[in-house]
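Following: one structure in structure tokens, then a few remarks.
The values are calculated or read from the model by the stated rules, or taken from the named source; none is laboratory data. Computed from a predicted model, the values in this text were never measured in an experiment. As a convention, Cβ positions derive from the backbone with ideal geometry for all residues, glycine included, and neighbour counts pool all protein chains shown. Keep in mind that these areas ignore ligands, DNA and RNA; they rest on the heavy atoms of the full protein, side chains included. Shrake-Rupley method; radii C 1.70, N 1.55, O 1.52, S 1.80 Å.
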Amino acid sequence: MGGLFFWPLRTSPPLQRQNRYGFAVAVYFWLIWVWATVGFAVAAKHGGGTQRQPQGKLGVSGAGIPLYPIAGEIAAPYTKQTPERLGVKLLKAAYTKNGRLSVTQGVMATGASFAEVEEAFTAMLKTGYVSIENDPVTGVVMYHFHELS
């Protein structure tokens, strides 16, 4: 009786005297080893089981590469508004606020960034379309369109 397959059956007399359960423990670990080996062999045969199915359903390979061509853009690119169009939007917003508009109100009305709205107000200030005032209650800088009030 030799070889790896029969190693639990080879016990020496001193081992039997020291541990009554040595043979049973050896057989137990041998069965665990056989069970794990068979389990890994079956799993390898089936390609890893269900781990690949969610990726296939999402259209992505195992490496994360799309399996199908993308039909469109994921997000719309941000396009900066022209100063003329931004000025018209600010003018319409000021018309609804009695000719006075703050930078924050301009951002909310146009959807542009604070820097873009501030730049548009500065350009209108240089050309004389607006003047700068402070709100007497809150102290917020307000841009006053003279022709709308």
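Return yes when Ala120 is out of contact with any Cys (no Cβ under 8 Å at 6 or more places or on another chain), assigned to a loop (DSSP other than H, G, I, E, B), open to solvent by less than 30 Å² (accessible area, probe 1.4 Å) and modelled with pLDDT of 90 or more and no when it is not.
Values: out of contact with any Cys (no Cβ under 8 Å at 6 or more places or on another chain): yes; assigned to a loop (DSSP other than H, G, I, E, B): no; open to solvent by less than 30 Å² (accessible area, probe 1.4 Å): yes; modelled with pLDDT of 90 or more: yes.
The answer is no for Ala120.
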Quiz item: Which ones in segment 90-105 are hydrophobic (A, V, I, L, M, F, W, C), open to solvent by 10 Å² or more (accessible area, probe 1.4 Å) and within 9 Å of Val117 (Cβ to Cβ)?
Solution: Val103
Quiz item: So which pairs qualify, if the first residue must be in segment 134-145 and in contact (Cβ under 8 Å) with a residue 12 or more places away in the chain and open to solvent by less than 70 Å² (accessible area, probe 1.4 Å), the second must be part of a loop (DSSP other than H, G, I, E, B) and of a type in the set (D, E, K, R), the Cβ gap must be under 7 Å, and the two must be at least 6 apart or on different chains?
Solution: Met142/Asp135
Quiz prompt | Close pairs from segment 60-87: first modelled with pLDDT of 75 or more and polar (S, T, N, Q), partner part of a loop (DSSP other than H, G, I, E, B) and open to solvent by less than 70 Å² (accessible area, probe 1.4 Å), Cβ under 9 Å, at least 6 apart | solution = Gln81/Gly111; Gln81/Ala112
